[in-house]
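For reference, the structure is listed below as structure tokens.
Taken together, the values in this text are just the output of simple stated rules run on the coordinates, not laboratory data. Keep in mind that this is a model prediction, so the values were computed, not measured. Cβ placement follows ideal geometry from the backbone for every residue including glycine, while neighbour counts extend to all protein chains displayed.
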């Protein structure tokens, strides 16, 4: 170990610091965009907010595409196969509207897939245009995850302002799903380490890294998300095994984890902070005290990070010491699973008995667990029930599935459980149920194409059938760490979505897609494409002008397609308001506009029938209900509406057949069963 002079640049090197400003500004801009997506879209279930985010992503992709047309240098289009396969997946989602059991939901899901394609393609294009700005991408992911985590903790500190209506003790805002909050925190930890641990990282990142990780670790634990915690551990192990900056990263992680442990140790035993249905006054009182603890940990972490940053700049460990310490860290990581096996063997059931018990607990369809912090130590769950339903739906719609987003309706035919679940809690199983074997094949091909594209910036080369890791050029060693970090974030997201539905939450999905797109579009570290020194002249390049017109036309067309369900929903809501106010003429106009904007959505058709009935046009009302059945004949809600209509107008015998069909499509629906019994009694 030697003490070296401070690496802080002298005043003469100020222009060098100025060259870092694009990274700083670009990172802040990207982070702001990712945070806006998370805060506006939230859980991805509010149509208006979700549509705004989707149109924003399309617009951002169009701007980047225009920049590529004007500034992109000639060169190979790295990642193009992955982008094309992603486009094929989006096209299949739109095509599935034609055969979907719930075409309105398929339209919404197709819009979501299109916006995700826009995020992926835009990130790939940015990597092509500005490959040297990888630090901005990495810092943006770290900053966005930390900002979301900070918001989640602030909701506990100031519940009256940020989370007054949420009765649950688990962290839920701003993504409206605790497992998504946990996953965002888990993905942020390697991003923070990758942004701060490299030798070329500025001091400020090393100062901020420990308090940021403290917030992320605290949120990870306070979300009570077992899946996110497992993914965080696996991602951390993979990251430390793949990067050469283990010593600095381990020191930063140790400081941050200690701070996060302090925050969680204060919060988890507190009934007012973690229990459900606690009075707002009690939550606020405990939250303010909790805020002082969080503030103290953040300040202490920043001070410790400052001291560690100075030590990293002044003290240099020799190669032998670094190798020994690095080997010790890897050995300690390798001993973690060994310790787990030893613990299982020492249990009362023995190794094989404990493994059998764990497997039985994990796969039991009747498992369940509460919303207390103790859930972190339990294995019971009801995922296998959802997965079983998804596989059953896929088996009955083998080739093309039940339609994008169709699981919610389709699975009801095959289950007798009186519960409501809108997705299969697994991307692979949900895709099998919604898009069949064709959707699964395209998804797997997309994964393979992305893996091939991402292997290039990671330095993986193939000698025959054997992969070989090529050493990066000297100047690209830091970028290799950054690319590994982005890859770890993507893999963490993918693994989590094998057991959950967080790909439907834009806040988490867009972060992972941005990382994945950057890796796909970057290409080999020594083969960057880059941009031209000056924009192309449209007068000398008519093809560029035509391409810009095409980009604008595509943006307008795709944005129009995306906003139609929202326009329909708004017109439908206006029709209901007008009908309640007694203005049936305006209600009829708005209801017709709603059906015209989205002719496959069920709710506008049912409301139009209600308007006709209110105006005394019974035949038109029933015709509209029959039209709803024709469009959504596999949806029990359409048959239930028709049967209820006929039952209410003395047509019991007709209602019996219609309600029997509704009950066959949804056997667990007790309300339909009651209506059917009433119709049968009247028919007799």
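Summary table
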item	result
Spin-label model distance (nm) - residue 660 vs residue 237, 7 Å beyond Cα toward Cβ	5.7
Value of relative contact order over region 564-683, rounded to a whole percent, pairs C-alpha under 8 Å and six or more apart	16
Residue exposure sequence - 407, 290, 493 - by fewest surrounding Cβ within 10 Å	290, 493, 407
Using a Förster distance of 56 Å, the FRET efficiency for residue 59-residue 414 (Cβ separation, nearest 0.05)	0.85
Inter-probe distance in nm under a simple model that places probes 7 Å from Cα toward Cβ, at residue 580 and residue 392	3.7
Euclidean distance between Cα centres, region 249-292 to region 383-454, Å	37
Region 158-213 and region 620-684: distance between their alpha carbon centers, rounded to Å	49
Pairwise FRET efficiency - residue 87 versus residue 29, Cβ, R0 = 22 Å, nearest 0.05	0.25
Likely footprinting exposure, 395, 634, fewest C-beta neighbours within 10 Å first	395, 634
Region 508-611: C-alpha gyration tensor shape, a/c 1.5 cut-off, then a/b vs b/c	prolate
Shape category assigned to region 560-628 from the gyration tensor of Cα positions, a/c cut at 1.5	oblate
Simple spin-label estimate for residue 618 and residue 677 in nanometres, 7 Å along Cα-Cβ	2.7
Packing-based order for 270-276, 256-262, using average beta carbon neighbours within 10 Å, highest first	256-262, 270-276
Relative contact order (%) - criterion: Cα under 8 Å, at least six apart; region: region 617-675	28
FRET efficiency, residue 441 to residue 526 (Cβ-Cβ, R0 25 Å, nearest 0.05)	0.15
Extension gain, residue 538 back to residue 73 (0.36 nm per residue minus Cα-Cα distance, nm)	165.9 nm
Residue order, fewest to most surrounding Cβ atoms within 10 angstrom, among 113, 508, 670	670, 113, 508
Shape call, region 564-683: gyration tensor on alpha carbons, a/c limit 1.5	prolate
